[in-house]
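**Q** For reference, the structure I am asking about is given below.
Nothing in this text is a laboratory measurement; each read-out follows from the coordinates by a stated rule. What you see is a predicted model, and the numbers here were worked out from it, not measured in a lab. In this analysis, Cβ positions are derived from the backbone assuming ideal geometry, glycine residues included, and neighbour counts consider all displayed protein chains.
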Amino acid sequence: MKAIKLATFFSILIIFMDTTLSHAAGTVQISYKVTFPEAQAHYADIEMNISGLKQKTLDLKMPVWTPGSYLVREFSKNVESFGAGANGKWVASPKINKNTWRINTTGLSAVTVKYRVYCFEISVRTSFVDASHGFLSTTGIFMYPDKMLHHPSTIHIEPYKGWTKVSTSLEAVNGDPFTRYAPNYDILFDSPIEVGNQDIFGFDAAGVKYEVCMVGGGNYDKERLKTDMAKIVEQETAVYGENPNKYYVFIVHNYLRGGGGLEHLSSTTLGASRDNYATENGYRNFLGLVAHEHFHLWNVKRLRPVVLGPFDYDKENYTANLWIAEGFTAYYQNIILRHANITSPEIYLEAAAGEINTIENTPGAKIQPLAESSFDAWIKAYRPNENSINTGISYYDKGAEVGMMLDLEIINNSNGKYSLDDVMKYMYNTYYKLKKRGYTDAEFKRGFEKFAGKKLNDFYTKYIYGLTPIDYDHYLGYPGYKITDELAATNDPSLGIAFANNNPKKIVSAVLRGGAGWIDGINVNDELTAIDGQPITDVATMLNGKKPGDKISVSVTRDGLPLTLPVTLLRNNRVKYKIESLPNATPHQLLVRKKWLKLVD
């Protein structure tokens, strides 16, 4: 589509509540206008108007990260053409550090700022603009005045030619969908905005109006989605006893291959594959993503670690509790589908076994404790490299299994009276609603103990702060289940390496700790060319006829040079667990099972 430039910036002015600043008296008013004169080139143009100023200088900042995605992303890298003006003249506005511009406001009560943002990164946490639509991830779009995070603002959007719709949880001003109001910057930065011609439908659930905004097409069935998404909403609301929203928006970006999600206070952004809704597995995976991100409106956005709000948008906000914030949410995304009767008990148990397999096939599970995995999210989780599988564990995966273990511990010890749901509701009511703050690690531990009816010092020492292998049979035994390794009797040889996907060459992408390749010196980025002098044609069959203990020669090309390595094959130690019912389960075990999986007689 040929781009047609719209009119350049204009000002809007809305009078807000009086706010007293620590460094300036009077009422400060802030408004933004967003235009897309070169949408085809992936730009959003921003005009920011600030009035009621008294100070001599005004610092404008761009956040360096977005809540829910624990990585400093340096959003200011996408800003260009920054300038400030007043009374028809440009005003000095030098950049003083990576994300701060200082404007000389001596003698000025109002200033207009203009800048452009390049938006061409497809993800749920970054902005993307082209001729078809604009997605504004607000932390990377809107600058804020330093020390004024509590101030309200309005955002007026002038859509690109042909765009007719806006989807966001921000309230419309005077019924105008293209002008929105943010009570403060925490809410603005927690409210993504979709502009374009998205397919919009909705449903009511738990006393809340829900909007589903579909971008990019897809083979989804609206009526089926309305029904099943409503079931998820109702089931998750039942955990906490209330739904704090009046209006909630799902922004769904459908791609050829898409995934991921990012939670917000009254909305979420999801990535999906547009043609996967028609398969049962694809549809179930999408509903799991819906359940995960929607559950976050309580767990993380309101019930949160104490350091995650008020936010510091200039630097990392460290917490050792992402195993609760994200891991428990990963646990609930599957158990909620079961409780809502969207999936069968068998499908749920298969998903739980899959989580166990992920943990037990990750060598880093023996290296990095769960709490450390959370704390190091800022430097490891979002910056994986070729050795990450050997050095760390996901607080999503292991946190989900810890959530399952604690759920079963509570159900078992209370004879089915309580579950993890009761802990989540108690913590939500106590810390979000009553104390109006986040929780500490010790406070959540006491919450678990309140409903488990026992101290959990040993549990924390082993599984949260330590590296003790998880005793799955102990916890799954409560509802009368056990795990069985389907590969236990195999004796297949292995090099302990993985290959890069979608590459016709056999390029090593990972070398697993303790495997044959690790011990005998195969490197990531080596191209395997032959084994015992025979050219490799098929990875799946390259060890046919070999057994653990055999000594082979592996020919590789490393940095363009040929190299032959002597390697002793080891047994493939991967596991493939399934969860099976114990024979002759006791009445107590069946009681726990019924409570856990919400089985009906």
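**Q** Per the Kirkwood formula on distinct C-alpha pairs, the Rh of the chain is how many angstrom?
**A** Values: mean 1/r = 0.0374 Å⁻¹.
Roughly 26.7 Å, rounded to one decimal.
**Q** Which one, Gly218, Asn78, Tyr115, projects farthest toward the positive side of the charge dipole computed for the chain from Cβ point charges (K/R +1, D/E -1)?
**A** Looking along the dipole axis, the top candidate is Tyr115.
**Q** Lys/Arg Cβ at +1, Asp/Glu Cβ at -1, dipole of the chain taken about the Cα centre: which of Thr461, Asn245, Ile497 is farthest positive-ward?
**A** Ranked along the dipole, the leading option is Asn245.
**Q** Can you tell me what percent of all Cα-Cα pairs in region 29-196 are more than 22 Å apart? Before the final figure, lay out each step's value.
**A** Numbers: 5637 of 14028 pairs.
Summing the P(r) of region 29-196 above 22 Å gives 40 percent of all pairs.
**Q** Which ordering of His42, His150, His264 is given by a fewest-first count of other beta-carbon atoms within 10 Å?
**A** On the way: His42 19, His150 12, His264 26.
Listed from fewest to most nearby Cβ atoms, that is His150, His42, His264.
**Q** Could you tally the net charge around Gly202, taking each other residue with its Cβ under 11 Å from the Cβ of Gly202, Lys/Arg +1 and Asp/Glu -1? Could the numbers behind the result be given before it?
**A** Details: positive: Lys209, Lys222, Lys226; negative: Asp204, Glu211.
Neighbourhood net charge equals +1.
**Q** Still on this structure: Would you list which aspartates and glutamates come within 19 Å of Lys433, measuring only between C-alpha atoms, while excluding same-chain residues fewer than 8 positions from it?
**A** Asp186, Glu236, Glu242, Asp421, Asp422, Asp441, Glu443
**Q** Right, something else. List the trypsin sites (Lys or Arg not before Pro) within region 374-438 that fall in a DSSP loop (any state other than H, G, I, E or B) and whose Cβ has at most 14 other Cβ atoms within 10 Å.
**A** On the way: sites: Lys380, Lys398, Lys417, Lys425, Lys433, Lys435, Lys436, Arg437; in loops: Lys380, Lys417, Lys435, Lys436, Arg437.
Those satisfying the criteria are Lys417, Lys435, Lys436, Arg437.
**Q** To the nearest 20 Debye, how big is the dipole of region 439-574 about its Cα centre, given +1 on the beta carbon of each Lys and Arg and -1 on that of each Asp and Glu? If you can, show how the numbers build up before the last one.
**A** Numbers: 16 positive and 16 negative charges, 69 e Å.
With only Lys, Arg, Asp and Glu charged at Cβ, the dipole is about 320 debye.
**Q** Relative contact order for the chain: what is it in percent, counting Cα pairs under 8 Å that are at least 6 residues apart? Don't skip to the end; give the middle numbers.
**A** Values: 1255 pairs, mean separation 55.7, N = 601.
For the chain, the relative contact order is 9 percent.
**Q** Next question, about the same structure. On a straight-distance basis, which lysines could pair with Lys222 in a cross-link, Cα separation under 18 angstrom, same-chain partners fewer than 8 positions away excluded?
**A** Counting by Cα, and skipping residues close in sequence, Lys222 has these lysines nearby: Lys209, Lys231.
**Q** Counting other Cβ atoms within 10 Å, which GluC sites (Glu not before Pro) in region 190-260 have at most 16 and lie in a DSSP loop?
**A** Listed in order of number, the matching sites are Glu242.
**Q** Of all trypsin sites (Lys or Arg not before Pro) in region 142-225, which ones are in loop regions per DSSP and have a Cβ with at most 16 other Cβ atoms within 10 Å? It would help to have the intermediate numbers written out before the result.
**A** Values: sites: Lys147, Lys161, Lys165, Arg180, Lys209, Lys222, Arg224; in loops: Lys147, Lys161.
Sparse-neighbourhood loop trypsin sites (Lys or Arg not before Pro): Lys147, Lys161.
**Q** List, in the order given, every pair from Lys547/Lys576; Lys33/Lys246; Lys462/Lys595; Lys98/Lys147; Lys436/Lys462 whose Cα-Cα distance in the structure shown is over 22 Å. Please report the intermediate quantities before stating the final value.
**A** On the way: Lys547/Lys576 20 Å; Lys33/Lys246 26 Å; Lys462/Lys595 26 Å; Lys98/Lys147 17 Å; Lys436/Lys462 31 Å.
Over 22 Å Cα-Cα: Lys33/Lys246; Lys462/Lys595; Lys436/Lys462.
**Q** Summing -39500 (n - 2.57) over the DSSP H runs of n ≥ 4 in the chain and dividing by its residue number, what mean residue ellipticity at 222 nm do you reach, to the nearest 500 deg cm²/dmol? Present the calculation step by step, with values, prior to reporting the outcome.
**A** On the way: 13 runs with 135 residues, N = 601.
Counting only the DSSP helices, I get -6500 deg cm²/dmol.
**Q** Moving on to the next point. For region 411-491, how big is the tail of P(r) above 19 Å, as a whole percent of Cα pairs?
**A** Details: 1722 of 3240 pairs.
Roughly 53 percent, rounded to a whole number.
**Q** Using a Cα-Cα cut-off of under 22 Å, which lysines could be cross-linked to Lys435, ignoring same-chain neighbours fewer than 8 residues away?
**A** Lys301, Lys425, Lys445, Lys450
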